[in-house]
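Peer 1: If you scroll down you'll find the structure; I have some questions about it.
The values are calculated or read from the model by the stated rules, or taken from the named source; none is laboratory data. Keep in mind the model is a prediction, meaning the values are calculated, not measured. Cβ atoms come from the backbone with ideal geometry, glycine included; neighbour counts cover every protein chain shown.
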Amino acid sequence: MTATSVRVPHLPTVEPGRPLDPYAWVEEVAALTEPDAVVWCDGSDAERDALIAGMVRTGTLLPLDPELRPRSYLARSDPDDVARVESRTFICSDTADEAGPTNNWREPAVMRAELAGAFAGAMRGRTMYVVPFSMGPVGSPLAQLGIEITDSPYVVVSMGVMTRVGTGALDLIVAGAPYVPAVHSVGAPLTSSDEDVPWPCNRTKYISHFPTTREIWSYGSGYGGNALLGKKCFALRIASVIGRDEGWLAEHMLLERVTSPQGRRYHVAAAFPSACGKTNFAMLAPTLPGWSVETLGDDIAWLRPGDDGRLWAINPEAGFFGVAPGTGVETNPTAVAMLASDVIFTNVALTDDGDVWWEGLTPTAPEHLTDWTGQSWTPSSGRPAAHPNSRFTVAAAQCPTIADSWEDGAGVPVDAIVFGGRRATNVPLVTRAFDWQHGVFMGATIASEQTAAAEGTVGELRRDPFAMLPFCGYDMADHWAHWLRVGETLSSAGRPLVFGVNWFRKSASGSWLWPGFGENSRVLAWIVGQVEAARSGSDEGAVAGPVGLRPAPGALDVSGLGLSDDDLAELFAVDRAAWQAEADRTEEFFAQFGDRLPAPLRTQLAALRHRLTRP
Ligand code: GTP
Ligand code: SPV
Ligand code: MN
């Protein structure tokens, strides 16, 4: 063979802003990845059923007992493919500056060459599925289109639950609407002599994003946000860039409707880091009489300023990919009811009668289980039966508290934005920001104890601004500047109030100070009370403290909780020395952004320090 005849693999060329012919693009990806067959998916029930039947045959899915859990399945992943891999998540913007100091930047040309090598022949022996989808109701002015190419039937079926897959989206794409091209391979080609495994994947992983051409290339993992490319890759990393350019926001937020006993409706969007309570807060069963909460979304919200000066939000997803452990009848009865049938579970434990179990589903574990790795398990085994990041995949329509208007393409007007994290110390149960700029400062300074949702050491405190650290597709400081700008486009009456919450504060003896879950309705009631007060131009029900406004004595309903006065004081305590140290850490954290840090945030930090010195 002469040197000139060696074909150097390359990724298809995509030009920013130029329509990308879907048929030509799919052909190019097939030429690169060399699958045995190419299948265009229509999102039909028949297609899903056939894919599921195939996965049952190959052992990827284990059917659960149809009496106990109809039309539901268990998938066990490779034990090395159980969570998002942030160290292998890349933002390949044109310059390193555009990606910012908190992202892994790779030069686009270099990454394209590396990916071309990985993807060359990656689908040999497998079927390549072409999955056209819409994030948001098909045709909604707030929706965005995509095509995911994947060699994983598990991904196809999961995308069918999590997004709107099918001909509706494809028709718009073929008619010339812009779409995000997204390619996924498990990175495990088969030769004719290979036996496939239930969960193919590759030790080498790439979760790569090209913001300028809006492309996603994901290789080597079949799990969650690594592989269901409509979710974190598109709806957050790429969409945050589209939103920056078009004047809207793509955020890691749940979305819910709260109705007061007086029948008044409010909409709340809340950003908490991964595995810090979004699904639970979105499906909250209020313990306060007369209140109700309806679910609109549990993980991602797209928010856009409307002509009326308000901020309008949709949930771009169509399903929930929720954390199983800790989801129980006591803590989240809504989610438990939602999981009665038609669910794909991943990495939970299997009961001897063919149902599922995980830590926290019931107060005591069954006598015997098969754990998430397929090993025999008893309560004395000394290890969790379900993986801490085990998950359920279920259609949003199955949620008993789903709002009837959840598919309304116009979205809902947001009254309050809530930021939270998992903090054993320092951070009060609830705080209201003094104004929008202070609210942006609150979002920018979220810190939270690391969870199992990503690789890393669980429990370590890390900064997670806007709960977007792993999900912002451009410089984080530019993201804050964008938030400040969006605030300015809203009217003073339409601008949501901003709050900070912390359900996770602990006593000296290490127990939760706040009961959480349904009792969080008490905090919601105070929040919407503040929305009402602000509308009539007052701060009634709140008193100013060094870190923000807190509930005035008696304004937060804690009746019947049996909280001691000491515990209540501890829930709201602001230790000035600890907060000065927190401010020092914020200053260090801000420093890495250099002069991209918006001046108002520097001012907010100085103002916080000043308030902390006052009696
Ligand atoms: P992602 O899907 O990773 O984005 O997570 P999420 O933010 O939706 O978190 P989720 O609601 O699934 O909660 C994660 C864990 O936190 C579960 O084990 C819950 O039981 C626990 N949790 C949620 N809300 C509360 C609360 O109010 N108090 C306490 N103590 N734990 C909570
Ligand atoms: C998260 O980690 O925030 C999740 C799960 O919601 S994943 O889809 O894997 O990102
Ligand atoms: Mn999430």
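Peer 1: Based on this model, can you work out whether G510 counts as outside any loop (DSSP other than H, G, I, E, B), within 16 Å of ligand 1 (Cβ to nearest atom) and of a type in the set (G, A, S)?
Peer 2: no
Peer 1: Further, regarding this structure: Kindly indicate which of D342, D308, D352, D371 is under 25 Å from E251 (Cα atoms) and acidic (D, E).
Peer 2: Every option except D308 fails the conditions.
Peer 1: Separate question: So which pairs qualify, if the first residue must be in segment 320-335 and within 16 Å of ligand 3 (Cβ to nearest atom), the second must be assigned to a strand (DSSP E or B) and among the basic types (K, R), the Cβ gap must be under 8 Å, and the two must be at least 6 apart or on different chains?
Peer 2: What qualifies is F321/R391; G322/R391; V323/R391; A324/R391.
Peer 1: Still on this structure: Applying the selection to segment 439-468, what residues are closer than 17 Å to F589 by Cβ, small (G, A, S) and within 12 Å of ligand 3 (Cβ to nearest atom)?
Peer 2: Answer for segment 439-468, where residues must be closer than 17 Å to F589 by Cβ, small (G, A, S) and within 12 Å of ligand 3 (Cβ to nearest atom): just A467.
Peer 1: Now, a different point. Scan segment 375-394 and tell me whether some residue there is of a type in the set (K, R) and not assigned by TED's automatic domain parsing to the domain that holds S511.
Peer 2: Checked segment 375-394: at least one residue is of a type in the set (K, R) and not assigned by TED's automatic domain parsing to the domain that holds S511.
Peer 1: Still on this structure, I have one more. If T191 satisfies every condition in (1) part of a loop (DSSP other than H, G, I, E, B); (2) buried (at least 20 other Cβ atoms within 10 Å of the Cβ); (3) among the β-branched types (V, I, T) but one, which is the exception?
Peer 2: (2)
Peer 1: Additional query: Go through D575, D539, D557, D584 for me and flag whichever is under 25 Å from A444 (Cα atoms), of a type in the set (D, E) and touching a residue at least 24 places away in the same chain (Cβ under 8 Å).
Peer 2: Going through D575, D539, D557, D584 in turn, the sole match is D575.
Peer 1: Residues of segment 375-416 being among the hydrophobic types (A, V, I, L, M, F, W, C) and closer than 29 Å to E455 by Cβ, which ones?
Peer 2: Matches in segment 375-416: W377, A385, A386, F392, V394, A395, A396.
Peer 1: Condition (residue is within 30 Å of S292 (Cα to Cα), part of a strand (DSSP E or B), among the hydrophobic types (A, V, I, L, M, F, W, C) and within 16 Å of ligand 3 (Cβ to nearest atom)) applied to segment 252-266: is it met by at least one residue?
Peer 2: Yes; the residues of segment 252-266 include at least one that is within 30 Å of S292 (Cα to Cα), part of a strand (DSSP E or B), among the hydrophobic types (A, V, I, L, M, F, W, C) and within 16 Å of ligand 3 (Cβ to nearest atom).
Peer 1: Counting only residues that are surrounded by fewer than 24 Cβ atoms within 10 Å (Cβ to Cβ) and more than 16 Å from ligand 3 (Cβ to nearest atom), give me the strands (runs of 3 or more DSSP E) lying completely in segment 271-317 with at least 2 of them.
Peer 2: 292-297, 301-305
Peer 1: Looking at T451, T445, T425, T489, which is the one that is under 24 Å from D539 (Cβ atoms) and in contact (Cβ under 8 Å) with a residue 60 or more places away in the chain?
Peer 2: T445
Peer 1: May I ask you to say which residue of G500, G537, G518, G494 is in contact with an Asp or Glu (Cβ under 8 Å, 6 or more places away or on another chain) and under 20 Å from H267 (Cα atoms)?
Peer 2: Going through G500, G537, G518, G494 in turn, the sole match is G494.
Peer 1: May I pose another question? Of everything in segment 454-465, what is touching a residue at least 12 places away in the same chain (Cβ under 8 Å) and outside any helix (DSSP H, G or I)? Give them in sequence order.
Peer 2: The answer is A454, E455, G456, V458, L461, R462, R463, D464.
Peer 1: Of the residues that make up segment 540-554, is at least one crowded, with 19+ Cβ neighbours inside 10 Å, outside any loop (DSSP other than H, G, I, E, B), within 27 Å of the chain's Cα centre (by Cα) and of a type in the set (K, R)?
Peer 2: Checked segment 540-554: no residue is crowded, with 19+ Cβ neighbours inside 10 Å, outside any loop (DSSP other than H, G, I, E, B), within 27 Å of the chain's Cα centre (by Cα) and of a type in the set (K, R).
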